[in-house]
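First up is the structure itself, then whatever we jot down about it.
Where a number appears in this text, it was derived from the coordinates with a stated rule and is not lab data. All values derive from a computational prediction rather than experimental measurement. Positions of Cβ are generated from backbone atoms using ideal geometry, with glycine treated the same way; all protein chains shown enter the neighbour counts.
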């Protein structure tokens, strides 16, 4: 019998991360996972900073020469974890870390959305979620920060892979700090505005008068009061344009910026 | 959709029954290996077969006959306890006696007598022939058995082998009865073990059914696990410890509302705090009253115990039958795209059924993309380092997917992303 990683969403959410479930994640991936011994950090190397998780479909489906899923988790640029599979994924390849050579069997793979190029710095919110998520997984499986490594460090022969272009020693120090409780708790978006109109934070799935107001401010035609995927995409576009975290969640900062942009017009 | 949901709940419950039955039968076998009740039943059965209730005559003679004596250690000590159930100790006696050994022993006693000293075991002992047996049949010292033996000899038509087969057939018919009695006693003790396990592990069938009905993700996982298990009868095989460990691990991995960890004990008249396993732990007010807190667990445990009584092979059979029903009820689950060259993705795609709108769009779009991708794959693939012939314990571990170029796949736009939760205070 097999152990599926059904605890992943709960563990990540408990760590303060945003989590989105890809349909069918509970059954995706083969049943041949072993005991989880660590976390393998990847980046997707896709140079498209205008979307949050452009490679999601690829990670789910795989490509013609490599069946998906290509990792258990995808990490969007806004720090949202996309839970792709609860079974085995083809992410590790040949390599070795701490004597472990069975990467696909023993490691949980996280593919973070980043091109890996110098002109594509890691957003702070994404890197923070990366470390918190890795820590949450390691805590769940009872391993230390030393069991978390970059694909570049794992892959053999050395130099076979370039991901990830993050200082992994610094990364592990941060993970260790989170595991030992020495780092600050995760920064969550307030549920309501602290000042002014005290508008609640809106996200996809919400409905009501405020959603209609939001859609008007975003110049989305129609009088639909539902915060759907299109509204979310429009919010992300607005946030990206104004240099904010493009998470599609309308919190206090986004409300303020929306008010300003409307006033300017 | 309602029908298939009910069916999936049923599959889940049957699978849980199967696992709990496996656990209980492993426990039962553990007890049996210690108590050896089968030997007690066999001894009792032989006594009754030989019309020797107190084991002073022919039954004792058979057990002490060298052919049978070799099957157990130490002296023959007849059971004195009148009680006979699945906990009756069988002592050192054998659990099984081959029918041929039994027949030969009985016929040997008939021909040469009970005593194994002196003449009877020397060169001058009577030959073992049908005629000699018939002459000396009084050696048996038991009228009923003598009649059986005479009948066996007389209907053998002069063939020694046929006479042995006749006696063996008589013994086997007696053994069928022993097996029946033993099985019934086993079911009784399984009921006891089932109750103990159901209460000890808090396997409440009603609660599990309700949980499965409400939690789609857990139900899908359970059905997937049941599908895997139904295809593979090895779950019923292997040694006791392995089966026990497998079943425990399987139950553990299913994240069902079993065990006592998540249960908050309350007074019956207050509301129960049920723990939602998936996602954040939320408090679900389920109501109050005696039914929920007292009778429902009692009934749920009892149902589990009764199910355990039927045994793991029974539930395995039922599981397979229900799986067949399910495959006829839900043909679309078989995925028409399965025949395409990429089986893995075909399988994944089936699970997008009943989806949120965003993900349905995703599935639609990927379907459009697939032909383009496979067309490209017909071009000779660039040699990759992963393909190098390397000795690896598990070849699949040599597969990875980074450095993916954006132009080989359609990108996922923001609108097609699934909805996120969490991150808000």
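Of the listed peptides B:79-86, A:170-177, A:128-135, what is their order by residue-averaged count of other C-beta atoms within 10 Å, with the highest listed first?
Values: B:79-86: 13.0, A:170-177: 18.0, A:128-135: 25.2.
Averaged packing, sorted descending, gives the order A:128-135, A:170-177, B:79-86.
A viscosity of 1.567 mPa s and a temperature of 4 °C, combined with the Kirkwood radius over Cα pairs in Stokes-Einstein, give a translational diffusion coefficient for the stretch A:4-107 of 92 µm²/s.
The mean number of Cβ atoms from other chains found within 10 Å of a Cβ in peptide A:12-20 is 4, as a whole number.
Averaged over the residues of peptide A:235-242, the number of Cβ atoms from other protein chains lying within 10 Å of each residue's Cβ is 1. Against the empirical 2.2 N^0.38 Å (N residues), the stretch A:88-209 has a Cα radius of gyration ratio of 1.32.
Among A:108, B:248, the ranking by other beta carbons within 10 Å of each residue's beta carbon, starting with the fewest, stands as B:248, A:108. Each residue of the stretch B:107-189 gets 118 Å³ once the volume of the Cα convex hull is shared out per residue.
Counting only other chain Cβ atoms within 10 Å of each residue's Cβ, the peptide A:198-205 averages 3.
Taking other C-beta atoms within 10 Å as the exposure proxy, B:21, A:147 rank A:147, B:21 from fewest upward. Taking N as the residue count of the stretch B:46-113, its C-alpha radius of gyration divided by 2.2 N^0.38 Å amounts to 1.10.
Suppose the Debye formula is applied to equal point scatterers at every Cα of the stretch B:162-256; what is log10 I(q)/I(0) at q = 0.19, 0.20, 0.21, 0.25 Å⁻¹? Normalising to I(0) and taking log10 leaves -1.09, -1.14, -1.19, -1.28.
Using C-alpha positions alone, give me the convex hull volume of the stretch A:87-132 per residue in cubic angstrom. Spell out each step's value before the answer.
Values: hull volume 5.3 nm³, N = 46.
Given the Cα convex hull of the stretch A:87-132, per-residue volume reads 116 Å³.
Dividing the summed helix terms, -39500 (n - 2.57) for each DSSP H run of n ≥ 4, by the number of residues in chain A produces a 222 nm estimate of -9500 deg cm²/dmol to the nearest 500.
Over every pair of different alpha-carbon atoms in the stretch B:3-116, take the mean of 1/r and invert it; report that Kirkwood radius in Å. Numbers along the way, then the final one.
Working: mean 1/r = 0.0605 Å⁻¹.
Mean inverse Cα-Cα distance, inverted, gives 16.5 Å.
Can you give me the Rg/Rh ratio for the stretch A:153-237, using Cα atoms for both radii and the Kirkwood formula for Rh?
Working: Rg = 21.0 Å, Rh = 17.0 Å.
With Rh from the inverse mean 1/r over Cα pairs, Rg/Rh is 1.23.
Could you compute the FRET efficiency for residue B:147 and residue B:213, with r as their C-beta to C-beta distance and R0 at 60 Å, rounded to 0.05?
On the way: r = 63 Å, r/R0 = 1.05.
The value I calculate is 0.40.
Pairwise Cα separations in chain A fall into 10 Å bins from 0 onward with the following percentages, short to long: 7, 29, 33, 20, 9, 2, 0.
The residue A:158 and residue A:32 beta-carbon pair, evaluated with R₀ = 30 Å, returns a calculated FRET efficiency of approximately 0.65.
Taking chain A as a Gaussian network of alpha-carbon nodes connected by springs under 10 Å, the highest mean-square fluctuation of the residues A:29, A:181, A:150 belongs to A:181.
GNM remark for chain A: springs join alpha carbons under 10 Å apart, and the peak mean-square fluctuation among A:187, A:250, A:39 falls on A:187. Placing R0 at 30 angstrom, the Cβ-Cβ distance between residue A:260 and residue A:124 gives a FRET efficiency of 0.85 after rounding to 0.05.
For the stretch B:127-260, what is the relative contact order in percent, using Cα pairs closer than 8 Å and at least 6 residues apart in sequence?
Working: 54 pairs, mean separation 27.4, N = 134.
Contact order relative to length: 20 percent.
With Kirkwood's inverse mean 1/r over C-alpha pairs for Rh, give me the Rg to Rh ratio of the stretch B:154-195, two decimals please.
Numbers: Rg = 17.3 Å, Rh = 12.4 Å.
In the stretch B:154-195, Rg relative to Rh is 1.39.
Listing B:34, B:170 from the residue with the fewest other Cβ atoms within 10 Å to the one with the most, what is the order?
Values: B:34 9, B:170 20.
Ordered from fewest to most neighbouring Cβ atoms within 10 Å, B:34, B:170 come out as B:34, B:170.
Shown here is the pair-distance distribution of the stretch A:39-88: with all Cα-Cα distances grouped in 5 Å bins from zero up to the longest one, the shares run 5, 21, 30, 27, 13, 4 percent.
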